[in-house]
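Following: one structure in structure tokens, then a few remarks.
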Amino acid sequence: MSDFEKIRKIILHYENLAREEYGGDFVSIANKNFSDLQLKYYSKEDNPDYSPNIKKFCYLYKYVVPHGYFIYSTFKRLRREIKPAIFSRNPTRIACIGGGPGTEILGLCRYLRECEADYAGHKIELIVFDRELSWRESCDMILDSVGNDLNIVLKFVQFDATISASYEAIDFSKFHFVTSNFFMSEIRKAKIVGATGKFWKFLFKSMGSGKVFVAIDFADADGSGWAHLKGILPKNHVSVIADPALTMSCPDSKTCILELKAELDHRPKKNAQNYVMAVIT
């Protein structure tokens, strides 16, 4: 079963909410929101507002499955480079920075089942940190769809990387892994990069040594995202994976959303040029 099929009911949930709000204008409004997401991601100033249901629908339809697959494929590479095995600890603790939509949940559940099934009974403590509190519902629904038979304890914590009071009490040293999946590009915008620089310093100091940090994001044509990432990493880190521009593709079948795809005349993301970095602090 493809991940699109696994989360189809979640896409449908937000689709129905948006259709109730916009009626016959649903398609045109959705396409405007797809364009807004694309525009804001590449903007040097602005970020998308994920609070409207139409925006949640657009993100879940277009980005959640491929971004989850990129997490899955990155952890699949990572397992060959580090020991002990990723889920061999009991519990395994993972922090997902900016993981509000639930992409990491999707990818990590797939990875556990396909690559470390021997540890499927181990407890996993997964904490999602995100500014948009309303993403909590999406995270809960995704976990229920792809991980309800796994021993995953999910917690959602609202935080803002531009406000130190929202994260200064978090102890990141208790996590074995910290992920930043298509989040760094949102907090290196010109208006907030100074404040978020303080967050990254706090994060790595709090993590301490011997932990794994994983970052995935789109590769700017000028390499600015990669340069920014290298600039925030602690000096004593050990690089495990380092790809400044990697072609990544999500092969999942879209059969279950073909009718919606035809109506919208808009395809979910599949191929991307991303940077991928994994380091041991």
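The values are calculated or read from the model by the stated rules, or taken from the named source; none is laboratory data. It should be emphasised that the depicted structure is a prediction, and the values quoted were computed from it without experimental measurement. Note that we place each Cβ from the backbone using ideal geometry, even for glycine, and neighbour counts take in every protein chain shown. Ligands, DNA and RNA are stripped out before the accessible areas are found, and what is left, the full protein with its side chains, is counted by its heavy atoms. Shrake-Rupley method; radii C 1.70, N 1.55, O 1.52, S 1.80 Å.
Here are a few things to note about the model shown:
Conditions (1) farther than 22 Å from Arg110 by Cβ; (2) not hydrophobic (A, V, I, L, M, F, W, C), marked per residue:
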| position | (1), (2) |
| --- | --- |
| Gly223 | yes, yes |
| Leu229 | yes, no |
| His237 | yes, yes |
| Asp243 | no, yes |
| Ser249 | no, yes |
| Ser253 | no, yes |
| Asp265 | yes, yes |
| Lys270 | no, yes |
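- Residue within segment 126-141 that is open to solvent by less than 10 Å² (accessible area, probe 1.4 Å), under 19 Å from Ile257 (Cβ atoms), within 13 Å of the chain's Cα centre (by Cα) and not β-branched (Val, Ile, Thr) present: yes
- Selection from segment 231-255 of residues that are under 22 Å from the mean Cα position of the chain (by Cα), loosely packed, with under 15 Cβ neighbours inside 10 Å and either assigned to a strand (DSSP E or B) or among the charged types (D, E, K, R) (or both): Ser239, Ala242, Thr247, Ser249
- Restricting the first member to segment 256-270 and to residues that are open to solvent by 80 Å² or more (accessible area, probe 1.4 Å), and the second to residues that are modelled with pLDDT under 95, no beta-carbon pair is closer than 9 Å while six or more apart or on different chains.
- Number of the exception - Phe75 against (1) in contact (Cβ under 8 Å) with a residue 60 or more places away in the chain; (2) over 19 Å from Ser249 (Cα atoms); (3) of a type outside the set (D, E, K, R): (2)
- Asp217 assigned to a strand (DSSP E or B) and acidic (Asp, Glu): yes
- All of Leu60, Leu12, Leu39, Leu17 fail the test of being in a helix (DSSP H, G or I), open to solvent by 30 Å² or more (accessible area, probe 1.4 Å) and closer than 22 Å to Ile105 by Cα, apart from Leu12.
- Condition met for Pro52 (closer than 26 Å to Glu104 by Cβ and either in contact with a strand residue (DSSP E or B) (Cβ under 8 Å, 6 or more places away or on another chain) or at pLDDT below 95 (or both)): no
- When residues of segment 89-105 are limited to those that are out of contact with any helix residue (DSSP H, G or I) (no Cβ under 6 Å at 6 or more places or on another chain) and outside any strand (DSSP E or B), the one most open to solvent (accessible area, probe 1.4 Å): Asn90
- Qualifying positions in segment 251-273 - closer than 25 Å to Ala30 by Cβ, of a type outside the set (D, E, K, R) and in contact with a strand residue (DSSP E or B) (Cβ under 8 Å, 6 or more places away or on another chain): Asn271, Ala272
- Against the criterion of being part of a helix (DSSP H, G or I) and open to solvent by 50 Å² or more (accessible area, probe 1.4 Å), Ala165 qualifies.
- Among residues of segment 20-30, those that are open to solvent by less than 50 Å² (accessible area, probe 1.4 Å) and closer than 13 Å to Phe57 by Cα, counted: 4
- Filtered by the rule that a residue be closer than 18 Å to Ala215 by Cβ and either in contact (Cβ under 8 Å) with a residue 60 or more places away in the chain or buried (at least 19 other Cβ atoms within 10 Å of the Cβ) (or both), segment 184-195 gives Met184, Ser185, Glu186, Ile187, Arg188, Lys189.
- So Ala221, is it open to solvent by 40 Å² or more (accessible area, probe 1.4 Å), within 12 Å of Met277 (Cβ to Cβ) and either at pLDDT below 95 or of a type in the set (A, V, I, L, M, F, W, C) (or both): no
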